[in-house]
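Step one of this worksheet: look at the structure below.
The values are calculated or read from the model by the stated rules, or taken from the named source; none is laboratory data. Only a predicted model underlies this, so the values are computations on that prediction, with no experimental measurement involved. Here the Cβ positions follow ideal geometry from the backbone for every residue, glycine too, while neighbour counts run over all protein chains shown.
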Amino acid sequence: MDSNTVDVQLEVDDDQGSVKNFESTNKISHDSVVTCGKCKKQMLYQEYDSKHRQIHYDLCWILGVEDEIDFTNTSKTQEILKENTKKSKAKSKFICEWCDAIKMTISGFANHLNKCKQNPVLNVNNQVLIKTDVNLSTSSITYDDNTMVSCGRCGESMIFEEYKNKHKHTHYNLCWLEGEEKIDYLNEQKLVVLLRAILKNSTAKKKFICEWCKDLKKSVVGFASHVKKCAIEQKKSKAKSKFICEWCDVIKMAISAISGFANHLNKCKQNLVLQHPNETDSPESIEEEKHEDEEESNNKNNSMIICGRCNKSMTFKEYEDTHSATHYSLCWIKGDEKPLWLINSIHFDDENIVQYLLRQKLPKHAARQKKVKFVCEWCQIERKSVPGFASHVKRCQSRPDKVTCGRCKEEMTFYKYRTSHYSKHYNLCWIDGD
């Protein structure tokens, strides 16, 4: 027999030549191209036999030549794994190709494969879930590396090369470009594929942190499942936020409608004045009222106030005209009655509110024309879009109002700690450093 050929036993149907009834011998040369039935990769038989099988712990087969492995047959799976571990001198550690779970024993891994194969989210069907299983296309647009693009997830602008090589990793590939179809976070299968795609280029330990709630997951499937649940909670949270006009009962939904609600209140009040004018107002009284308003305005402009963000003292006019712009409107006056979005300090964790405030003093169309630049006061990092800066403000590790619970080590704002978190520990907790 030629030393470059190997015997492969087949069960072949007598009439049709299909894999069925009796055995015959098929010879495969080392330079024959074969396809792995587990991952569908093609390679030379020599590479498949000497290296590739080890990647799958020998739990693979040659497509069209060998029988598929029945992963529900745990005893057979264990038998293959035992043979595999005899060849390897390294300590046994098995990583599931479908969900990235790690098992340290043969029996534990075999039982896990049996359960994981039947997971409806993965829909593995005896093979690793690959990109073709889920439609990932969002746009037919092609971009040059130097084209300016904006991330649809956070709004940050950058060149396409930076987006595809770096920025996508910050979102674990769960993002899209503005103008493309948004990702459906309720589609777990698609999330699994997107997460796996980004891991191929990463050698770091697999760890996922949810951008919404900061929960940490260590497996692809676990994180995909969490993202789906968290996305549902986000929708519920937004649906609960609504503003009702006291004059006409118009309802504006969600925090993102703050600016629209403010404009509505202004127009609604003007309409009320026009529809119900004070008939007793004489020209003299109107002039007198106007004079009083001007005097009150002058007194207010000249009054001394303290900025709650930086504790600097100044006149109200200086604060309104110039100082608040140095904080991009993310500031407040000490001692004032707090508007909706202020509680001791600005609610930095709500990106919609922060975006609304950031846009207050921007030149018209500046954000749309990408002519903005924000510098974080805490860490000096720069962002060139309103959504991107709002996202950074929420997550900045140098935020002075961020505290860590000494009991469970969870990081949060001081406001959240005082209003809800410490009650979870029945007040038996403390702030790290206190």
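Quick look at the values:
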quantity: Conditions (1) in the same structural domain as residue 332 (by TED's automatic domain parsing); (2) at pLDDT below 85: number failed by residue 394; calculated: (1)
quantity: Single unsatisfied condition, residue 419 versus (1) of a type in the set (Val, Ile, Thr); (2) modelled with pLDDT under 80; (3) assigned to a loop (DSSP other than H, G, I, E, B); calculated: (3)
quantity: Which listed residue, of 146, 135, is part of a loop (DSSP other than H, G, I, E, B), modelled with pLDDT of 85 or more and over 14 Å from the mean Cα position of the chain (by Cα); calculated: 146
quantity: Residues satisfying the stated conditions in region 390-401, i.e. out of contact with any helix residue (DSSP H, G or I) (no Cβ under 6 Å at 6 or more places or on another chain) and either farther than 20 Å from residue 358 by Cβ or assigned to a loop (DSSP other than H, G, I, E, B) (or both); calculated: 396, 397, 398, 399, 400
quantity: Selected residue (criterion: modelled with the highest pLDDT) from residues of region 210-234 that are among the acidic types (Asp, Glu) and in a loop (DSSP other than H, G, I, E, B); calculated: 211
quantity: Any hit, region 22-31, residues being surrounded by 13 or more Cβ atoms within 10 Å (Cβ to Cβ), part of a loop (DSSP other than H, G, I, E, B) and at pLDDT 85 or above; calculated: no
quantity: Residue pairs meeting the criteria (Cβ under 6 Å; at least 6 apart or on separate chains; first more than 16 Å from residue 402 (Cα to Cα), in region 323-350; second assigned to a strand (DSSP E or B) and modelled with pLDDT under 70); calculated: 330/346; 332/342
quantity: Matching residues in region 93-116 - criterion: being at pLDDT below 80 and touching a Ser or Thr at 6+ places or on another chain (Cβ under 7 Å); calculated: 99, 100, 101
quantity: Looking only at region 149-194, and only at residues there that are free of Cβ contacts under 8 Å to residues at least 60 places away in the same chain and hydroxyl-bearing (Ser, Thr, Tyr), the one that is nearest to residue 395 (Cα to Cα); calculated: 170
quantity: Filtered residues of region 380-404 (kept if closer than 16 Å to residue 331 by Cβ and either surrounded by 21 or more Cβ atoms within 10 Å (Cβ to Cβ) or under 15 Å from the mean Cα position of the chain (by Cα) (or both)); calculated: 389, 390, 393
quantity: Some residue of region 176-185 being small (Gly, Ala, Ser) and either assigned to a helix (DSSP H, G or I) or surrounded by 17 or more Cβ atoms within 10 Å (Cβ to Cβ) (or both); calculated: no
quantity: Any chance residue 72 is at pLDDT 85 or above and under 16 Å from residue 96 (Cβ atoms); calculated: yes
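Residues checked against (1) free of Cβ contacts under 8 Å to residues at least 24 places away in the same chain; (2) not aromatic (Phe, Trp, Tyr); (3) not assigned by TED's automatic domain parsing to the domain that holds residue 193:
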| site | (1), (2), (3) |
| --- | --- |
| 35 | no, yes, yes |
| 45 | no, no, yes |
| 50 | yes, yes, yes |
| 59 | no, yes, yes |
| 95 | yes, yes, yes |
| 101 | no, yes, yes |
| 104 | yes, yes, yes |
| 107 | no, yes, yes |
